[in-house]
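Structure, as C-alpha cells:
None of the figures in this text is laboratory data; all of them are computed from the coordinates on show. Just so it is clear, the structure is predicted and the values come from calculations on it, not from any experiment. Here the Cβ positions follow ideal geometry from the backbone for every residue, glycine too, while neighbour counts run over all protein chains shown.
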Amino acid sequence: MDIDLLISTPEELEREGYKYIKEGKIKDGVKMLVRAAKGYEEKRDIQKAASLYKEAGILLRNKLGVYEQAKPIMLRAAYLYLRIIEREVDKSEVNLDRLTNSCLSVIEAFTFLGDQEHVKKYAEEFAKMYEDLGSSYEEAGEIESAIVAYESAYRYYDLLSNKEGIERIAGRLVEIYGRIAEDAISNEMYEESAEAFERVANYIKTIFGYDERYRELMETAGKHYEKASKLAYAEGDLETMTRLLLKAQYAYLLARNFNRANLIGVNLIKMLNQVIENYRSSGRFDVVGDKLIELAEALVGLGKFENAMKVYREALEETEGRIDIRARIRTSIIKYIAAKEMKLEMLRILDAVDFLMKHAKFLDAMELAEEAIRKYEEGEKILKAMYQAEGVK
C-alpha cells in the first residue's frame, strides 16, 4: 500500500514532506507540503496553509526550476495572506508582528509572480493602513506600537517611491524619536539616547539628504554610545562594552568622522581579540561566535576586508553558519560604502535591509544588500571574498 494513503492529518503530511526534502527528494517533499497546506486550509488554519504554499512555491522554482508550476501555488499563498490581513485588522487588538509578516509575504508573493500591478496596489493599501494605525497608536499614547506601524508605512511609501508619503512619515518619526532621545538623556540612559539619535538621523536624511544635519546627529549618537560603553566597562561588563563600541565606530563612520571611527576601531579590535581569548579559555563558547562577528564588522569598518573575511569565516564555523550573521556582514559592508562614498542611495537601501532583518526576512535582506554592494567599484571583489568565506563557489 502507498504510504501516502496511510497519512491523513496535515501535521503528518508536513512532517513527511520535510523528511523527503531533507533526503533530497524535493519533488515528493513539495507534493506532501501542498497536501498538508490543503489539509490545514480545510481545518481553517490559514496561517499554516499560507506558509506551506509559499514554501512549496519557492522550492518548485529554486530547487526544481519549474516556475510555471510554482505560480498557482504562490498565488494561493498570496490570497490566504490577504485573508489573514483582513481578519487581523478587524480585531480590537492588532498583532503587529503577524500583520507585518503577512503584508511582507503578500508583496513577496506578487513579486515572485512578476505582477507589479498587484505589488503597487497592495503596497499603497498597506502604506495607508499602517499610517492610520500609527496615528491611532500615537493618539492612544502607545508609542512603541506607533513606531512599528509608522516604520512599516515608511517602508511601503519607499517601495512606491512616494516622496510626499516618505517625508510625511519621516517627519512623524523624527518627532517621536526626538522625544525619546530627550527623555533618555534626562535619565542618563546613554545607549537608549544613542539609538534614538541614530533613528532621528536616519529619518532626517530622508528629508534633507546625506548632509551636515545627518552627520551631526550620527556624531551625537557615536558620543552617546561611547558614554554607554564606558559605563559598561566600569561595571566590568566587557561583552556589552565591545558591542556598544562597535555601534560607536559605525555611528562615527556614517558621520564621516573617520579619525574617531578608525581610532575606536583599532582599539576595539585589540579588546575583542582579548575578550574572545578569555571566553575560549573559560569555555564560554556560546558567545565566541557573536564576538567574532563583531570583530569582523570592526575590521570592515576600517576597510580591512581581507582580514575581516578570515574572521567572518571563523565566526560562521563557531555559529554553524547562522543566517543572521550572514546578513549582518553585508549590512556592515553597505555602511562602509555609504560613508566612504557619501551615498544617500546606499543609506536608503540600508533602510530596506534593516526593515527586512528586523522581521527575520534574512534571505531577502541578503539579496538586496548584495545588489547594492555590486554597484560599488570594488563590490564584486568584496563579494567574492565573502562568498569564499561562506564556502560558496
Quiz item: Hey, with R₀ at 41 Å, roughly what FRET efficiency would Glu124 and Gln388 work out to, going by the Cβ-Cβ distance, to 0.05?
Solution: 0.45
Quiz prompt | Straight-distance crosslink candidates among aspartates and glutamates, where the alpha carbon sits under 17 Å from Lys22 and sequence neighbours closer than 8 are dropped | solution = Glu11, Glu12, Glu14, Glu55
Quiz prompt | Alpha-carbon centroids, region 157-234 and region 48-110: separation in whole Å | solution = 33 Å
Practice problem: State the percent of C-alpha pairs, over all pairs in region 285-392, separated by a distance greater than 20 angstrom. | Solution: 34 percent
Quiz item: At 10 °C and 1.306 mPa s, what whole-number value in µm²/s does Stokes-Einstein give for the translational diffusion of region 180-227, with Rh from the Kirkwood sum over Cα pairs?
Solution: 152 µm²/s
Quiz prompt | Sorted peptide list for 22-28, 145-151, 320-326, criterion being average Cβ within 10 angstrom, highest first | solution = 145-151, 320-326, 22-28
Practice problem: Just order 259-266, 50-57 by mean Cβ neighbour count inside 10 Å, highest at the front, would you? | Solution: 50-57, 259-266
Quiz item: Does anyone have the angle between helix 238-254 and the longest principal axis of the chain? Alpha-carbon axes, 0 to 90°, nearest 10?
Solution: 90 degrees
Quiz prompt | region 285-392, dipole about Cα centre (Lys/Arg Cβ +1, Asp/Glu Cβ -1), debye to the nearest 20 | solution = 280 debye
Quiz item: Whole number please: convex hull volume per residue of the Cα set in region 9-90, in Å³?
Solution: 75 Å³
Quiz item: Where does the charge balance sit around Tyr177 when Lys and Arg score +1, Asp and Glu -1, over other residues with C-beta under 11 Å from its C-beta?
Solution: -4
Quiz item: Relative contact order of region 285-392: what whole-number percent is it, with Cα pairs under 8 angstrom and at least 6 residues apart?
Solution: 25 percent
Quiz item: If we sort 363-370, 235-242, 282-289 on the protection proxy, mean other Cβ atoms within 10 Å, highest first, what's the order?
Solution: 363-370, 235-242, 282-289
Exercise. For the chain, build the convex hull from the C-alpha positions and give me its volume per residue in Å³.
Key: 165 Å³
Quiz item: Against the longest alpha carbon principal axis of the chain, how many degrees, from 0 to 90 and to the nearest 10, is the axis of helix 143-159 turned?
Solution: 70 degrees
Self-check item: Spacing of the two label points (7 Å from each Cα toward its C-beta) at Glu277 and Glu164, in nm
Solution: 6.1 nm
Quiz item: For the chain, what's the relative contact order in percent, using C-alpha pairs closer than 8 Å and at least 6 residues apart?
Solution: 7 percent
Quiz item: So how strong a dipole does the chain carry about its Cα centre when Lys and Arg Cβ are +1 and Asp and Glu Cβ are -1, to the nearest 20 debye?
Solution: 1260 debye
